[in-house]
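Only one structure is covered here, and it is reproduced in the block below.
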């Protein structure tokens, strides 16, 4: 059997060699279980020497594969590309910064041999900044209440997928991808492995607050239409409150006569209703924007250079030979 390990990379020249050495050791460890391995490094348009290092590794080690994008398309595109090019009976996705311990690979393979289609590595938040942990926990609580799938805190992209699970993910061809939700949506038999949180071995994180916020909003809107329903409910509540206000005002006019309208009441009403309208328009705009990208049908990524063929290209070559 073949194990494919997918490693998205973006400006990881400081850590990529250490990552390779650790992967090599742990991939050799699974040979006793009857597995050969391929290491698929996906260079997501790095601006440093990551591509050159990957090409050098591929020249000296036949199990190393590399795919380089024409520019930075994002981690979601890099993971999708790795899945498209992988040919293993099972696939492991992990980061290149050694925050995902390669030492868990043998344990994850054992889970696959036990019959699980997803073996999920879940980290604790030991060592994270208190603020980051607080907001992460609040986010997961909110997203699990709003979305149609369950996304436990600490479970990310680091997981083993069977070929059946990989094919299920590849059948979902939407442009706006949110893998954490997609992993949960496909289901199948799952096993969870706990591990201690690690800090990145070298370099700097690529996840700025702006990117995290955008990713979080995308996750909420990718798997449900509840924000649209919330806008509908808010609109209904606003109309109800306005009607109540009109009735109360009418009664006051009947009892006390017409008085000069208050400035405070007018401004509050304008601001509340205006804010609700802008919020609703913003939510609608997010959904329309996603539809816009889906309708254009552009590819998720463009490959500039690689030393391997995708599954589709392999099938085409086999058809030509036959």
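Annotations for the structure displayed:
- Strands (runs of 3 or more DSSP E) completely within the range 1-69 that count 2 or more residues being exposed (fewer than 15 other Cβ atoms within 10 Å of the Cβ): none
Residues checked against (1) part of a helix (DSSP H, G or I); (2) surrounded by 11 or more Cβ atoms within 10 Å (Cβ to Cβ); (3) in the same structural domain as residue 82 (by TED's automatic domain parsing); (4) at pLDDT below 70:
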site	(1), (2), (3), (4)
217	yes, yes, yes, yes
231	yes, yes, no, yes
248	yes, no, no, no
255	yes, no, no, no
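- Qualifying positions in the range 285-312 - modelled with pLDDT under 70 and loosely packed, with under 13 Cβ neighbours inside 10 Å: 312
- Annotation: residue 161 fulfils all but one of (1) modelled with pLDDT of 90 or more; (2) assigned to a loop (DSSP other than H, G, I, E, B); the unmet one is (2).
The values are calculated or read from the model by the stated rules, or taken from the named source; none is laboratory data. Since we're looking at a predicted model, the values are computed, not measured. All Cβ positions, glycine included, derive from the backbone under ideal geometry; neighbour counts span all protein chains shown.
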